[in-house]
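Below is one structure, written out as C-alpha cells, with a few remarks after it.
Please treat every number below as a calculation from the coordinates, not as lab data. Because the structure is a prediction, the values reported are computed rather than measured. We place every Cβ from the backbone using ideal geometry, glycine too, and count neighbours over all the protein chains shown.
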C-alpha cells in the first residue's frame, strides 16, 4: 500500500515514516508539510493512503481531506494529531481512522488494516466543518486551488460558477447558493447570478442605461446590481466607509 505522510513537523514525519517502514506491505511514497502540499503530492504520487495531521499552518488536514474528494481516485485518509478535541470533526468527515500522538505501532497497524478495506469515496457524504480557506477547481485533470481571500467575485452561468481574482478566472462546479451560505460573511449577493467580496467593493456607479453597477478593487468589470439587492450593497458600502 502506497502511503503519503503529511505533518508540518519534520520529526513527526520521520518517526511515522520509520514506523510505516517496519510494517509489511506498506511503502511510503512521499511526504508533505501542509494541506496544499498534500493535494499536490496526491495528484502526482497517487497514494492509496494518506496519514495526515490536522493542525497545520495554511490549509489544515480537515480541509485538505474535503478537497481530495475531487480526485478521480481519492485515497483513504487517516488523521494523526496530538489533540483529541478534533475527533468529532474528523469522524464527521467519515475518516478511516483517527490516531492520537504518540502513535503506537499496534494502532497504526489497525488503521492500515481499515484502510485496505475502506476508501475515501465514502466521504461523498461529507458534512463540511466550517468554511474553507480555498476553492477547488479541476483544470485539465488537475486540481487548482484559489485562496478565498483573493477572490473578487463569483458569477454563475448555468451549472458552473466563474471564480474571478485579480489575476485569473477559473470554473468550479459549486452552486452559487451553497457558496453564499458557506461564505456569507465574505461575499454579498448583488444579483441572482453574482456574489462579490465585501472588502473589494469600492463604489457604485450608473451606466448609460441607468443600471447600477459595482466598482470592485482588482478587476475592470462593473457587475450589475439588481434593484432588489441595491439597499444591501449600499449598507455594506456605508459600513466600510
Inset, instruction - Would you order 83, 98, 160 from fewest to most other beta-carbon atoms within 10 Å of each residue's own beta-carbon? - result: 83, 160, 98
Legend entry - Equivalent-ellipsoid semi-axes of the chain, from the Cα gyration tensor, Å, largest first: 42, 16, 15
Legend entry - Nearest 10 degrees, 0 to 90: helix 230-240 Cα axis against the chain principal axis: 70 degrees
Legend entry - Cα→Cβ-extended label distance, 7 Å offset, between residue 236 and residue 133, nm: 2.3 nm
Inset, instruction - Round to the nearest 10 and give me the degree value, 0 to 90, for the angle of helix 105-117's Cα axis relative to the longest principal axis of the chain. - result: 60 degrees
Inset, instruction - Would you order 208, 10 from fewest to most other beta-carbon atoms within 10 Å of each residue's own beta-carbon? - result: 208, 10
Legend entry - Gaussian network model of the chain, Cα within-10 Å springs - most flexible of 196, 78, 215: 215
Legend entry - Full-stretch length increase - residue 159, residue 215 - with 0.36 nm per residue and alpha-carbon distance subtracted: 17.6 nm
Inset, instruction - Mind giving me the FRET efficiency for residue 167 and residue 83? R0 is 41 Å, r the Cβ-Cβ distance, nearest 0.05 is fine. - result: 0.70
Legend entry - Sorted by Cβ density within 10 Å, fewest first, the residues 44, 152: 44, 152
Inset, instruction - Round to the nearest 10 and give me the degree value, 0 to 90, for the angle of helix 35-45's Cα axis relative to the longest principal axis of the chain. - result: 60 degrees
